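Working notes, beginning with the structure itself.
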Amino acid sequence: FKLEEYSISIFKPQINITDVSINAVTWSYNMGDGTLYNSQNPMHTYGDTGIYCIVQWVTSINGCTDSITRCLDVYLQPTIYIPNSFTPNGDEQNEVFKAYGVSISSFEMRIFNRWGEEVFFTDDLGNGWKGKWNDRECIQDVYVYKANAVDINGKSYELMGQVNLIR
């Protein structure tokens, strides 16, 4: 059998198997995660990251059997997301502006007001801006952020954008 790819992201974890056996009349697959199929060209979706070894067993019209194993890596794709608005108004919803990431090894973000003054800095992906500068609430306005990140594979990202502080 063949796979379209031997390495796939958990964000798109579906695979299609194409049978390339000759004269087979029965097929069995063990997908490596406890799932079994008896169809010729199954489609399967993995629910978690990891290395999965898929085993195909075929039987010919003459009763001969054969098997083959192919391994698939379902990996966690590095991702970073930065929203464009937040509302630090005390209603306990959307109170903090922060970035969200998966498989990020280092991160820093700076936020500037319209006069170019740095109103916030963090080097912790889990730490966000609460809409204050020097312990005073910042005015409702559009602020600019600049963020730098490095993922677990060593790839660097430079992200710039605007964030709306809405009160």
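The values are calculated or read from the model by the stated rules, or taken from the named source; none is laboratory data. These numbers were taken from a predicted model, which means no experiment stands behind them. Methodologically, a virtual Cβ is constructed for each residue, glycine included, from the backbone with ideal geometry; neighbour enumeration extends over all protein chains shown. Note: areas computed on protein heavy atoms with side chains; ligands, DNA, RNA excluded. Shrake-Rupley method; radii C 1.70, N 1.55, O 1.52, S 1.80 Å.
Summary of values
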quantity: Given (1) without any contact (Cβ under 8 Å) to a residue 12 or more places away in the chain; (2) touching a His at 6+ places or on another chain (Cβ under 9 Å), index of the condition ILE54 fails; calculated: (1)
quantity: Positions within the stretch 25-48 being surrounded by 12 or more Cβ atoms within 10 Å (Cβ to Cβ) and either more than 27 Å from the chain's Cα centre (by Cα) or farther than 20 Å from LEU76 by Cα (or both), in sequence order; calculated: VAL25, THR26, TRP27, SER28, TYR29, ASN30, THR35, TYR37, GLN40, ASN41, PRO42
quantity: Qualifying position, being under 20 Å from the mean Cα position of the chain (by Cα) and modelled with pLDDT under 95, among ILE152, ILE104, ILE82; calculated: ILE152
quantity: Residues that are among the hydroxyl-bearing types (Ser, Thr, Tyr) and either in a loop (DSSP other than H, G, I, E, B) or at positive phi (or both), drawn from the stretch 71-118; calculated: THR87, SER103
quantity: Residue satisfying condition, being among the basic types (Lys, Arg) and without any contact (Cβ under 8 Å) to a residue 24 or more places away in the chain, within set ARG114, ARG167, ARG136, ARG70; calculated: ARG136
quantity: Top-ranked residue in the stretch 142-164 [being polar (S, T, N, Q) and free of Cβ contacts under 8 Å to residues at least 60 places away in the same chain; ranked as farthest from TYR75 (Cα to Cα)]; calculated: ASN148
quantity: Pick from the stretch 54-89, criterion among the β-branched types (Val, Ile, Thr) and within 30 Å of CYS138 (Cα to Cα), ranking: surrounded by the fewest Cβ atoms within 10 Å (Cβ to Cβ); calculated: THR79
quantity: Positions within the stretch 90-99 being exposed (fewer than 14 other Cβ atoms within 10 Å of the Cβ) and touching a residue at least 24 places away in the same chain (Cβ under 8 Å), in sequence order; calculated: VAL96
quantity: The listed residue being open to solvent by 80 Å² or more (accessible area, probe 1.4 Å) and part of a strand (DSSP E or B), out of ILE8, ILE51, ILE17, ILE22; calculated: ILE51
